[in-house]
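> My questions will all concern the structure given below.
The values are calculated or read from the model by the stated rules, or taken from the named source; none is laboratory data. Keep in mind that this is a model prediction, so the values were computed, not measured. Cβ placement follows ideal geometry from the backbone for every residue including glycine, while neighbour counts extend to all protein chains displayed. With ligands, DNA and RNA removed, areas are computed over all heavy atoms of the protein, side chains included. Shrake-Rupley method; radii C 1.70, N 1.55, O 1.52, S 1.80 Å.
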Amino acid sequence: MSYVQEWKAFEVDVADGIAEVTLIGPGKGNAMGPDFWSELVPLFGALDTDKEVRAVVLTGSGKHFSFGLDLPAMAGDFGKVLAEDAKAGPRTDFHDTIKRMQAGINAVADCRKPVIAAVAGWCIGGGVDLITAADVRYASADAKFSVREVRVAIVADMGSLARLGSIVGDGHLRELAFTGKDIDATRAERIGLVNEVFDDAEAVLAGARAAAREIADLPPLVVQGTKTVLDHSRRAQVEDSLRYVAAWNAAFLPSEDLTEAISAVFEKRPPKFQGK
């Protein structure tokens, strides 16, 4: 299968049974703007159906995996629903936007080829959503993670709340989601968010490539079948959670606090939340 398409948010290299997908922005720190969300579904759909691909390595360009949602770039998608008189129409459109964005992360999770995430530097918000959709997560020693949405007045709706509990346990999920705190690679490994920590960005990518090579050398249909069976019991629960949070955010996400969070990003200042 050809990957000659000029992706705007990714670089894709396929060789010897392994696809390497690299986040390239265009936002700073590989922030997730419109291109990222529109390209995930066709990209991972192509990887899923390409018989030459047996494993996928997912990584970020530069010093960081991803700063998460590109709020300035995505502000237009929030604009109408944030209006004080937003009625059913804008809220329905916003609900559709959430579902389209969720479909991108779901495409990673639903890809039948095992996905191995190699994380260096910051992995924030949507970055955590993305790696929780991967099958295996490795980190460099300088990696830091944050389920940051609560700090920008958003209920995380792209999959962290649905998937992270089965990875790190309910208590750790609630602590991370309620506080939006940063954790380092050592803590991430201790709670099971990452499988292994490597010395640096070069080493973690090498580790991910080695794991992908090991998987790619095994019977491909059996590997894919194993992933399908492992995903079966939790798929319905994840889908139900995503449907619920999409409806919740379409109804309740618009707030003065969210407007304040977006304004604070543009004005480069700390937000002041009022609970309104």
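> Only Cα pairs within less than 10 Å get springs; with that Gaussian network setup on the chain, which residue of ALA133, ALA211, ALA55 has the largest fluctuation?
Between ALA133, ALA211, ALA55, it is ALA211 that shows the largest mean-square fluctuation.
> So for segment 9-149, what percent of the C-alpha to C-alpha distances run longer than 27 Å?
It works out to 22 percent of all Cα pairs.
> At a Förster radius of 41 Å, what calculated FRET efficiency corresponds to the Cβ-Cβ distance of VAL222 and ARG269, to the nearest 0.05?
Computed FRET efficiency for VAL222 and ARG269 comes out at 0.15.
> How long is the gain from THR179 to GLU196 if the chain were fully straight, where each residue apart is worth 0.36 nm and the alpha carbon distance is subtracted?
3.7 nm
> Based on Cβ point charges of +1 for Lys and Arg and -1 for Asp and Glu, what charge dipole magnitude is obtained for the chain about its Cα centre, in debye rounded to the nearest 20?
The dipole of the chain has a size of about 580 debye.
> If the label point is 7 Å along Cα→Cβ of ASP231, which residues in segment 104-127 have backbone nitrogen under 11 Å from it?
Residues 106-115 fall inside that zone.
> Determine, for each peptide in 61-72, 199-210, 233-244, the mean count of other beta carbons within 10 angstrom over its residues, then list the peptides with the highest first.
Descending mean neighbour count gives 61-72, 199-210, 233-244.
> Let me ask something additional. Taking the Cβ-Cβ separation of ALA247 and SER166 as r and a Förster radius of 25 Å, what is the calculated FRET efficiency to the nearest 0.05?
The formula returns an efficiency of 0.70 here.
> Per residue Cα convex hull volume for segment 177-225, in cubic angstrom?
About 109 Å³ per residue, rounded to a whole number.
> For the chain, what is the calculated [θ] at 222 nm in deg cm²/dmol (nearest 500), taking -39500 (n - 2.57) for each run of four or more DSSP H residues and dividing by its residue count?
-17000 deg cm²/dmol
> When ranked by the protection proxy of mean other Cβ atoms within 10 Å per residue, highest first, what sequence do the peptides 37-45, 8-16 form?
37-45, 8-16
> Using a 1.4 angstrom probe on heavy atoms only, work out the carbon and sulfur share of the accessible area of segment 36-78 in %.
Roughly 55 percent, rounded to a whole number.
> Charges on Cβ only, +1 for Lys and Arg, -1 for Asp and Glu, centred on the Cα centroid of the chain; of LEU230, PHE94, ALA118, which one is farthest towards the dipole's positive end?
Selected residue: PHE94.
> Rounded to the nearest 20 debye, what is the charge dipole size of segment 205-276 about its Cα centre when +1 sits on each Lys and Arg Cβ and -1 on each Asp and Glu Cβ?
In debye, rounded to 20, segment 205-276 gives about 140.
> Less than 27 Å apart at the alpha-carbon level, and either on another chain or at least 8 residues along: which lysines does that give for LYS144?
LYS8, LYS28, LYS63, LYS113, LYS181, LYS268, LYS272
> So with the 1.4 Å probe, I'd like the accessible area per residue for the chain, rounded to whole Å².
Heavy-atom SASA per residue in the chain reads 48 Å².
> Once the cut-off is 32 Å, how many percent of the Cα-Cα pairs in segment 10-267 end up in the long-distance tail?
Here the tail beyond 32 Å accounts for 18 percent of pairs.
> Would you mind listing how long segment 118-174 runs along its three principal axes, going by Cα atoms, in whole Å with the largest first?
28, 23, 18
> Search the structure for amide H atoms under 5 Å from the amide H of VAL119, placed 1.01 Å from N in the peptide plane, and list their residues when 5 or more places away or on another chain.
HN-HN under 5 Å from VAL119: TYR138, ALA139, SER140.
> How long are the three semi-axes of the equivalent ellipsoid of segment 187-258, in whole Å, if each is the root of 5 times an eigenvalue of the C-alpha gyration tensor, listed from largest down?
34, 22, 11
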